[in-house]
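Let me begin by presenting the structure, written as structure tokens, before commenting on it.
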């Protein structure tokens, strides 16, 4: 009989008994983890279970309750649309209730039409079947991410120099012909502003294109790191661009936003928290 469990923020499952034992052995599931399987009336902390829950014919998946508080039995659970009937099944990805005819079987997961594309994308990217991509993740720590940023900085520095040099030569030529110190200062500030905009545009394009299309910047790819969303999928264009500007914010905090990655259990920097992303080892 398959198990379901919650980390307090998200529901995972179903997992087979063998997979469940591996999760317990690895420490992913501990005494405080909420667990459920058919035959249990409510969610319960794993440490309170004296013996495996009895197996009963009912095979309904648990409802995903707000905050993962212990839910009522499936037959009596309710949704915004009304009582959930015994024949209701739940999407393994989003946890919402559906009729069995509205769910698709993908591996050992039953998913709704709305989650199908996300689940298939995760499978194409090599995520573990059955919604287990959250398990066994190895997060990129502070120092390996620092090394990746250093590599990306070198690449961007070279590209920026190639693009900036022509503008600087044009400025020198204009300054030689200018006798007015005010005009020289004005042109200097104008060139400085133009170069800031150009370099930022290059950095945004570099970061977002590689994250969306490759899952990581070249620096991260060299070190086998990948940027993912909380559900394991790659960020889209909006999130990738937003993450770049969130990284700027991490730097403006005297780099405390970056240092946070060294103390977070999922190695998240400030910009990862803002954008709900993770940096993981492939």
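The table that follows gives values for the structure above.
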{"item": "Any hit, segment 255-271, residues being within 16 Å of residue 208 (Cβ to Cβ) and surrounded by fewer than 20 Cβ atoms within 10 Å (Cβ to Cβ)", "result": "no"}
{"item": "Which numbered condition residue 215 misses (of (1) in contact with a helix residue (DSSP H, G or I) (Cβ under 7 Å, 6 or more places away or on another chain); (2) at positive phi)", "result": "(1)"}
{"item": "Criterion: in a helix (DSSP H, G or I) and either more than 24 Å from residue 142 (Cα to Cα) or more than 15 Å from the chain's Cα centre (by Cα) (or both) - qualifying residue of 242, 257", "result": "257"}
{"item": "Residues being touching a strand residue (DSSP E or B) at 6+ places or on another chain (Cβ under 6 Å), farther than 19 Å from residue 137 by Cα, in contact (Cβ under 8 Å) with a residue 24 or more places away in the chain and in a loop (DSSP other than H, G, I, E, B) - total across segment 1-44", "result": "3"}
{"item": "Criterion (over 15 Å from the mean Cα position of the chain (by Cα), within 25 Å of residue 142 (Cα to Cα) and surrounded by 12 or more Cβ atoms within 10 Å (Cβ to Cβ)) met by exactly one of 232, 251", "result": "251"}
{"item": "Meets criteria (over 22 Å from the mean Cα position of the chain (by Cα), outside the structural domain of residue 111 (by TED's automatic domain parsing), at pLDDT 80 or above and surrounded by fewer than 16 Cβ atoms within 10 Å (Cβ to Cβ)) for residue 196", "result": "yes"}
{"item": "Residue 227 buried (at least 19 other Cβ atoms within 10 Å of the Cβ), in contact with a helix residue (DSSP H, G or I) (Cβ under 6 Å, 6 or more places away or on another chain) and in a strand (DSSP E or B)", "result": "yes"}
{"item": "Restricting segment 230-239 to residues that are assigned to a helix (DSSP H, G or I) and in contact with a helix residue (DSSP H, G or I) (Cβ under 8 Å, 6 or more places away or on another chain), the residue that is farthest from residue 212 (Cα to Cα)", "result": "239"}
{"item": "Failed item in (1) surrounded by fewer than 19 Cβ atoms within 10 Å (Cβ to Cβ); (2) in contact with a helix residue (DSSP H, G or I) (Cβ under 7 Å, 6 or more places away or on another chain), with residue 245 passing the rest", "result": "(2)"}
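Each row is one residue, and each column tells you yes or no for (1) assigned to a helix (DSSP H, G or I); (2) modelled with pLDDT under 50.
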{"site": "86", "(1), (2)": "no, yes"}
{"site": "101", "(1), (2)": "yes, no"}
{"site": "104", "(1), (2)": "no, no"}
{"site": "110", "(1), (2)": "no, no"}
{"site": "120", "(1), (2)": "yes, no"}
{"site": "132", "(1), (2)": "no, yes"}
{"site": "137", "(1), (2)": "no, no"}
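The values are calculated or read from the model by the stated rules, or taken from the named source; none is laboratory data. Quick caveat: nothing in here was measured; it's all calculated off a predicted structure. Every residue, glycine as well, gets a Cβ built from its backbone with ideal geometry; the counts of neighbours run over all protein chains shown.
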